[in-house]
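Okay, so here's the structure we're looking at.
Coordinate-derived values only; no laboratory data. Remember, it's a predicted structure, so these values are computed and weren't measured experimentally. Backbone-built Cβ (ideal geometry, glycine too); neighbour counts: all protein chains shown.
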Amino acid sequence: MKKEIDDNKVVILSGAGISAESGIRTFRDSGGLWNQYSLEEVATPEAWRKNPKLVLEFYNERRKDVSKAKPNCAHKAIAGLQKKYETVVITQNIDDLHERAGSKNVIHVHGEITKARSSTDPRIVTNIGYESIDIGSLCASGSQLRPHIVWFGEEVLNYEIAREHIQTAKRVLIVGTSLSVFPVAGLLKKARYHSEKLIVSLDVDKKPYGYQFVRGKATEMVPYVCNSWLEGLRVI
Ligand code: NAD
């Protein structure tokens, strides 16, 4: 039996677009990271086996970018929803801008740049903040550390818990994602018929059934959506 919808629950599903205006590049937009790097060279288990130094350098650069970035008003508006609602942020982003904006319940499905994990035992995860990982950086059991990032071909993290939250939310906001990375993009379909469902993005390939598309920048549209919800109003 399906769980009841919780009138007090808001779920946000965010992607790289929400952090773009904080200066962290997306992967797919023009000027995005994949124009500069090949995905196969830096973001797959094969890349790690073939050239771990290059993979570490790539993520050390990403970590530096994150350390310099600041949460923008879209991240902050989402954190502000906590004043009234149980707010769950499911993010594909590996940055920590939702946390730094004040969100308390952030579920990272693609990992976190501020953590490292053992390359031989995925259960050993440590906070590294904005420190680099180098060849020779070892975990507690003596194995090489790798970034705590879900690479292409690896299983996403926390999927079941994310699914449960989206299934029970009265309000769902999707922001800054091209919805091209599965299985996370498939989470949208788990939202309920009777919940209010919105997508804020510059573009989407295909609007999922039941969602209202609000075209625009995250920093302009997300505060508007959040303020409407804080006043108890429907957005569209
Ligand atoms: P994506 O790059 O595929 O798509 C970004 C989407 O955001 C696009 O649809 C674009 O139109 C939209 N967008 C761009 N600027 C925007 C803005 N200012 N306001 C609103 N929307 C905007 O990103 P994705 O869907 O998140 O998937 C790519 C993968 O890349 C994710 O798995 C994520 O882990 C990873 N990634 C993360 C970061 C980060 O942590 N900040 C950065 C780059 C990539």
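Quick notes on this one:
- DSSP bridge orientation in the chain - percent antiparallel, rounded to nearest 5: 25
- Pair Lys3, Glu131: separation of 7 Å Cα→Cβ label points (nm): 3.6
- Semi-axes of the equivalent ellipsoid of the chain are 31, 18, 17 Å, computed as sqrt(5λ) over the eigenvalues of the C-alpha gyration tensor in descending order.
- Added length on full extension, which subtracts the Cα-Cα distance from 0.36 nm per residue, Leu39 to Leu230: 64.8 nm
- Note on segment 1-136: percent of Cα-Cα distances in each 10 Å bin, starting at 0 and stopping at the bin with the largest distance, equals 11, 37, 32, 15, 4, 0.
- Peptide packing: for 100-109, 185-194, 72-81, the average count of neighbouring Cβ atoms within 10 Å per residue gives the ranking 72-81, 100-109, 185-194, highest mean first.
- Using 0.36 nm per residue and subtracting the Cα-Cα separation, the extra length available between Ser143 and Glu164 on full extension is 4.1 nm.
- Compared with the rule-of-thumb size 2.2 N^0.38 Å for a compact globular protein, segment 10-89 has a Cα radius of gyration ratio of 1.36.
- Contact order relative to length of segment 31-97, as percent, for alpha carbon pairs under 8 angstrom and 6 or more apart: 23
- Length available on full extension from Lys50 to Tyr193: 0.36 nm per residue minus the Cα-Cα distance, which gives 46.9 nm.
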